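Colleague: Take a look at the following structure, please.
The numbers here are math on the coordinates, done by the rules we state, and not lab data. Keep in mind it's a predicted model, so treat the numbers as computed, not measured. Cβ atoms come from the backbone with ideal geometry, glycine included; neighbour counts cover every protein chain shown.
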Amino acid sequence: MSITSRKEIGQRGEDIATRYLESKGYNVRERNYQRKIGEIDVIAEKKRKIIFVEVKAIRAKQGFQPEDHLDYKKQHKLIQLSRVYLRQKRLQPTNGWQIDLIALRFNPKEGYSLKHYPNVLADNY
């Protein structure tokens, strides 16, 4: 696997995350929802709940975990963007909404590892 740029890593990570979510029974509604304040990587639905998914992907040789990139500023933007999306689409999900994180770590020899963290910002919104 030859992934060189950050953009390629991000795109590949989002593709893998989308396939993963679909394999787990999520209905992917939208990808790369963009507004002036930022972007939501994947928006999905499962059991009448809207799930906003942040995908973080890095090369294995980097000395930290992909989860380390979900800082306070990014968390705040995700909450704002989620609320904007719900208002814009006039959605009032029966079972609410949540923000998940999917972290991918690419290793040229082993492929990748994936961790799914459901409802990572539960106490913040």
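Colleague: Can you compute the charge dipole magnitude of the range 1-121 about its Cα centre, using +1 on each Lys and Arg Cβ and -1 on each Asp and Glu Cβ, nothing else charged? Give it in debye, rounded to the nearest 20.
Modeller: Working: 26 positive and 14 negative charges, 73 e Å.
For this selection, approximately 340 debye.
Colleague: Lys61: which lysines have alpha carbons under 27 Å from its alpha carbon, excluding same-chain residues fewer than 8 sequence positions away?
Modeller: Of all the lysines, those that pass the test against Lys61 - Cα under 27 Å, at least 8 places apart if same chain - are Lys7, Lys73, Lys74, Lys109, Lys115.
Colleague: Going by amide H atoms built from the backbone, whose H comes under 5 Å of the H on Arg29, apart from near neighbours?
Modeller: HN-HN under 5 Å from Arg29: Ile43, Ala44, Glu45.
Colleague: Starting from the range 24-125, pick out the GluC sites (Glu not before Pro) whose DSSP state is loop and whose Cβ has at most 14 other Cβ atoms within 10 Å.
Modeller: The qualifying sites are Glu110.
Colleague: Can you pull the one-decimal nm distance between simple spin-label points at Ala60 and Asn32, each 7 Å off the Cα toward Cβ?
Modeller: Calculated label separation equals 2.8 nm.
Colleague: Give me a comma-separated list of calculated 3J(HN,Hα) values for the range 73-89, in order, Karplus coefficients 6.51, -1.76, 1.60 applied at θ = phi - 60°, integers in Hz, x for any Gly or Pro.
Modeller: Calculated HN-Hα couplings, in order: 4, 5, 4, 4, 4, 4, 5, 4, 4, 4, 5, 4, 4, 4, 5, 4, 8 Hz.
Colleague: Which one, Leu78, Gln11, Gln65, is farthest towards the positive end of the dipole of the chain when Lys and Arg carry +1 and Asp and Glu -1 on their Cβ?
Modeller: My answer, from the dipole projection, is Leu78.
Colleague: Largest first and in whole Å, what are the equivalent-ellipsoid semi-axes of the range 1-122 based on the Cα gyration tensor, each being the root of 5 times an eigenvalue? If you can, show how the numbers build up before the last one.
Modeller: On the way: eigenvalues 128, 47, 31 Å².
Values for the range 1-122, descending: 25, 15, 12 Å.
Colleague: Here is a follow-up. For the range 27-93, what does the equivalent ellipsoid look like in terms of its semi-axes, each the square root of 5 times an eigenvalue of the Cα gyration tensor, given largest first in whole Å?
Modeller: Numbers: eigenvalues 120, 39, 19 Å².
In descending order, the three semi-axes are 24, 14, 10 Å.
Colleague: Something else now. Could you state the angle between the C-alpha long axis of helix 6-23 and the longest principal axis of the C-alpha atoms of the chain, as a value from 0 to 90 degrees rounded to the nearest 10?
Modeller: 60
Colleague: Among the trypsin sites (Lys or Arg not before Pro) within the range 27-74, which fall in a DSSP loop and have no more than 16 other Cβ atoms within 10 Å of their own Cβ?
Modeller: Taking the range 27-74 and a limit of 16 other Cβ atoms within 10 Å, the loop trypsin sites (Lys or Arg not before Pro) found are Lys36, Lys47, Arg48, Lys61.
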